Structure formats: structure tokens, C-alpha cells
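Chemist: This structure is in C-alpha cells; I'll ask about it shortly.
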Amino acid sequence: MPSPAEPIPKKQLAAVSDDSSSLEIREIPVVQPAELEPGRALVKVLYTGVCHTDLHVVRDEWPLKPQRPTIAGHEGAGVIVAINDPTSNLKVGDRVGIKWIADSCNQCEFCLSGNDPICQKAKISGLTTSGSFQQYCPAYVSQLTPIPESLDMSQAAPILCAGVTVYKALKNSAARAGQWVAIPGAGGGLGSLALQYAKYMGLNTIAIDTGDAKKDLTKKLGASAWIDFTTTEDMVAAVKKVTPDGLGPHAAIITSPKPEAYLTAMSYIRPGGTVVAVGLPKEGAVVTADVFWTVVQSKRLVGSYVGSRLDAIEALRIAAEGHVKTPISIEPFASLESVYTRMDKGQLSGRVVLDLFK
Ligand code: NAD
Ligand code: ZN
């Protein structure tokens, strides 16, 4: 039986998009503890990050189409206020995170091997089930991530997507301590975390983005080099030149939401290097790679999609230990539309985290 910890209101605020051009913060009912389906917990969402994915989703930019109306959001940090799952170790009062992967079957080849993001029955926060842009989210228990006590909740929020995604992407790059990694999109939400997880792993980073604010931020976060993609004529030559032997970085983690970053990466990585595709531009974007040199220089291209439950636990632990600190600005729930506008124009450095009760 569900057990509520505190009085649960009948109504809450949620950011609802009825179609690709609408966004309204409006009152909707709260799923009451007695109404919680088995395997679900009601999470009071204190903070949620705003990921560029939310913008792609509500604007209908991808081949994957959201359910409508859409309540997006998948970097939610909150507290369980009711739970209907006697088999779970989680309980009322626990601090938990809501990720992009909301639920998976736990039985297929992918789930069994820790690849639950590619479970063909996975449910997705903000796309196929309502996400963290609501004050009380009826979340699936199976994919909730415990948040370490020592980690501030506003700091935990961006780790639940941006953090785990870049942490996993760096693992998938196979780059090792002492090697070089290029990070297009380095001044954004994912990129600013990629710089720090890379440093934690002993890697040298080449930050690629634009503008003085992002240049300063990436330097502060430990980037070894900076390249402004808007003022650099020959990106391939500029990126290669940074590495001591001029052969280019061992890997590139593409965290840009715009397709242009995918046009040069396979050319500037060194022989034997890996391009990790992470950013998800509009439908129709392509990676360009010269077949002859891809073969003859044994280059690799890999897709990397969020991370497993264990990756999320590890990414949070690394942040809790103080190795990673997201550059966040905390804004009230009502500013979501303005956050989207600034994000679309590339004006945000780091991550905006919404305080849902302000
Ligand atoms: P963001 O808006 O916070 O940051 C993007 C950054 O990219 C900005 O600083 C922008 O200036 C920079 N940029 C734009 N064009 C560029 C270019 N041509 N070269 C280099 N930098 C460029 O976005 P975010 O929240 O960090 O998300 C980034 C992308 O990652 C989005 O497409 C998002 O959907 C995707 N994403 C993928 C996964 C996954 O699992 N693969 C997970 C989360 C987000
Ligand atoms: Zn995300």
C-alpha cells in the first residue's frame, strides 16, 4: 500500500505543451497515493535541469514524436512522498533522481547487459510518459536513481541527464589518461560537464564553442585549449594543431545540438580515433566521413545514448565527491519559456536549473 509522508495537494503546477508551438505552466491534478499504479512512486520534484533535448522534444524536431499534451523534463531531483512498490528498497523520504529513461522491461538482452537505454520497451520521461516539469511526478520506481546525501539537490539535477550522458560517452570513446579529447558544445550543459568528467579521467580537452563567456567558463573548468567555431576558418587544421604531435585528438565527444559540428570531426580525429555522437540535431542531420581515410586510418564512429542505472549512480557519486560541479543558474519555474528562447539562441552557458516551487 502506498504510504504518504506529508499532505499531498490535489493540484500542482506543470509545464504543458499541447503542440509544437505552445507551452503553458498550468494547474493539473496530482496523482494521489491511492491512485498510484504498482511500481510507481510519487516524487516531489524540487529542482529540474532544462536540457536541450526538452526543446527538441516540445518543438517536434525529431523522428521520435512526443505524446501530446507533453510534460517534458528529465533531470528531476526530488523526494519520494508516496510509493506503491513493496519490492523496492526505496521508501518515502528518499532523495531520488528522474532520468530520461523512465522505465525498461528488465528482461531483454539490452536490460540484462546494462544497456537499458536501448531496451525496445523503454519508457522515456517527457516523451512517452510525463517528465519532471511538474511538481509531483508519478515516476516508475525501477529507473529512479538514489541521490547521495552529500550532493546538493540543485547540483544533482543536471547530472541525471547531462552528467551521466557525457560520463558514458567518455567511457565509450575509449580514450585513456593522458590522451586528448575534443568537445564541440563545450560551453553548454553537456559540454561543461564533459570537460570535468574528462579531467577526472586524466584526459586533456579541446573546448569548441563560441563567445567570450563560454571561453572563460571552459578555461575555468580546466580545458587545455579553446577554439571558437564561428571565427575559425579551417576547423580541421585548428583542432589537429592543438595536439603536441599535430595528429589530432584521440576522440571527439560531439555535444552540439547543431549539425555543423558533425561535418568535420571524422577528419580532425587522429588515426585510430573515435567520434562519439551525442548531440541530437534536427531530423536529417548527417555525419560526414571520407570512406577511404576512415578505413585506412581505422577511425571509429559510435553513438552514445544516456547511460545505464549504474552509470547514473557513478556519475552522481563522482559529483558528490566534489570532482564535478555543474555551472548552474537557478531560475523560477515560470522562466521556462525564456530559458528555451535563450537556449535556442546559444546564449546559455552551463545549465539552467528550475526551482519548481518558486
Ligand atoms: P546546450 O544548448 O546547453 O549546449 C549546446 C552548446 O553547443 C552551446 O554552448 C552552443 O553554443 C554549442 N554549439 C552550437 N553549435 C555548435 C557547433 N557547430 N560547434 C560547437 N558547438 C556548438 O545543449 P545541451 O543540453 O548540452 O544538449 C546538447 C545536445 O545533446 C542536444 O542536441 C541534446 O538533445 C543532446 N543530448 C543527447 C543525449 C544522448 O543521450 N545522446 C543526452 C542529452 C542531450
Ligand atoms: Zn537531457
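Chemist: Mind telling me which of the residues I328, I313 ends up being under 23 Å from S142 (Cβ atoms) and open to solvent by 30 Å² or more (accessible area, probe 1.4 Å)?
Modeler: That would be I313, the only listed residue that is under 23 Å from S142 (Cβ atoms) and open to solvent by 30 Å² or more (accessible area, probe 1.4 Å).
Chemist: Checking Y47 against (1) within 16 Å of ligand 2 (Cβ to nearest atom); (2) over 15 Å from Q134 (Cβ atoms), only one condition comes out false. Which one?
Modeler: Looking at each condition in turn, Y47 falls short on (2).
Chemist: What is the number of the single condition among (1) among the polar types (S, T, N, Q); (2) farther than 25 Å from R95 by Cα; (3) at pLDDT 95 or above that T53 does not meet?
Modeler: Unmet for T53, out of (1) among the polar types (S, T, N, Q); (2) farther than 25 Å from R95 by Cα; (3) at pLDDT 95 or above: (2).
Chemist: Mind telling me which of the residues S125, S150, S132, S104 ends up being away from ligand 2 (no atom under 15 Å from the Cβ) and either more than 30 Å from G202 (Cα to Cα) or without any contact (Cβ under 8 Å) to a residue 40 or more places away in the chain (or both)? Full working, then the answer.
Modeler: Numbers: S125 fails: away from ligand 2 (no atom under 15 Å from the Cβ); S150 fails: either more than 30 Å from G202 (Cα to Cα) or without any contact (Cβ under 8 Å) to a residue 40 or more places away in the chain (or both); S132 fails: away from ligand 2 (no atom under 15 Å from the Cβ).
That would be S104, the only listed residue that is away from ligand 2 (no atom under 15 Å from the Cβ) and either more than 30 Å from G202 (Cα to Cα) or without any contact (Cβ under 8 Å) to a residue 40 or more places away in the chain (or both).
Chemist: Another question, then. Filter segment 14-41 down to the residues that are in contact with a Phe, Trp or Tyr (Cβ under 9 Å, 6 or more places away or on another chain) and hydrophobic (A, V, I, L, M, F, W, C), then identify the one that is most open to solvent (accessible area, probe 1.4 Å).
Modeler: I25
Chemist: Given the conditions (1) near ligand 1 (Cβ under 10 Å from one of its atoms); (2) in the same structural domain as Y200 (by TED's automatic domain parsing); (3) among the hydroxyl-bearing types (S, T, Y), and given that S349 satisfies all but one, which numbered condition is not satisfied?
Modeler: Of the numbered conditions (1) near ligand 1 (Cβ under 10 Å from one of its atoms); (2) in the same structural domain as Y200 (by TED's automatic domain parsing); (3) among the hydroxyl-bearing types (S, T, Y), the odd one out for S349 is (2).
Chemist: Hey, can you tell me all the residues within segment 283-310 that are without any contact (Cβ under 8 Å) to a residue 24 or more places away in the chain and open to solvent by 80 Å² or more (accessible area, probe 1.4 Å)?
Modeler: V291, F292, V295, V296
Chemist: Taking helices (runs of 4 or more DSSP H) that fall entirely within segment 175-294, which contain at least 1 residues that are over 30 Å from A319 (Cα atoms), at pLDDT 95 or above and of a type outside the set (V, I, T)?
Modeler: Counting at least 1 such residues, we get 235-242, 265-268.
Chemist: Only one of K44, K11, K91, K65 is within 16 Å of ligand 1 (Cβ to nearest atom) and open to solvent by 10 Å² or more (accessible area, probe 1.4 Å); which?
Modeler: It is K65.
Chemist: Can I ask one more? Select from segment 105-156 the residues that are among the β-branched types (V, I, T) and in a loop (DSSP other than H, G, I, E, B) and write down the one among them that is most open to solvent (accessible area, probe 1.4 Å).
Modeler: As a first pass, look at segment 105-156 and keep what is among the β-branched types (V, I, T): 118, 124, 128-129, 141, 145, 147.
Among the residues that remain, those that are also in a loop (DSSP other than H, G, I, E, B) are: 128, 147.
Numbers: T128: 68, I147: 10 Å².
In this case the residue turns out to be T128.
A quick yes/no check of all residues on (1) open to solvent by 30 Å² or more (accessible area, probe 1.4 Å); (2) within 21 Å of the chain's Cα centre (by Cα); (3) at positive phi; (4) touching a residue at least 24 places away in the same chain (Cβ under 8 Å):
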| position | (1), (2), (3), (4) |
| --- | --- |
| P158 | no, yes, no, yes |
| G163 | no, yes, no, yes |
| L170 | no, yes, no, yes |
| A182 | no, yes, no, yes |
| I208 | no, yes, no, yes |
| K214 | no, yes, no, yes |
| T232 | yes, no, no, no |
| K240 | yes, no, no, yes |
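Chemist: Could you list all residues from segment 216-230 that are over 12 Å from G185 (Cβ atoms) and either open to solvent by 60 Å² or more (accessible area, probe 1.4 Å) or touching a Lys or Arg at 6+ places or on another chain (Cβ under 8 Å) (or both)?
Modeler: Across segment 216-230, the qualifying residues are D216, K219, K220, L221, G222, S224, W226, D228, T230.
Chemist: Going residue by residue through segment 69-78, is there one that turns out to be among the charged types (D, E, K, R) and at pLDDT below 95?
Modeler: No, there is no match, as no residue in segment 69-78 is among the charged types (D, E, K, R) and at pLDDT below 95.
Chemist: Among the strands (runs of 3 or more DSSP E) lying completely within segment 15-86, list those that include at least 2 residues that are under 18 Å from the mean Cα position of the chain (by Cα).
Modeler: Hits in segment 15-86: 40-49, 76-84.
Chemist: Filter segment 17-53 down to the residues that are within 23 Å of L144 (Cβ to Cβ) and hydrophobic (A, V, I, L, M, F, W, C) and list them by number.
Modeler: Passing the criteria: I28, V30, V31, A34, L36, A41, L42, V43, V45, L46, V50, C51.
Chemist: Follow-up. Please work out if L316 is modelled with pLDDT of 95 or more and assigned to a helix (DSSP H, G or I).
Modeler: On the way: modelled with pLDDT of 95 or more: yes; assigned to a helix (DSSP H, G or I): yes.
Considered against the rule, which asks whether it is modelled with pLDDT of 95 or more and assigned to a helix (DSSP H, G or I), L316 comes out as yes.
The values are calculated or read from the model by the stated rules, or taken from the named source; none is laboratory data. The shown structure was predicted, so the numbers you read here are calculated from the model rather than taken from an experiment. Glycine also receives a Cβ, built like all others from the backbone with ideal geometry; neighbour counts cover every protein chain displayed. To get the accessible areas, we keep the full protein, side chains included, count just its heavy atoms, and leave off ligands, DNA and RNA. Shrake-Rupley method; radii C 1.70, N 1.55, O 1.52, S 1.80 Å.
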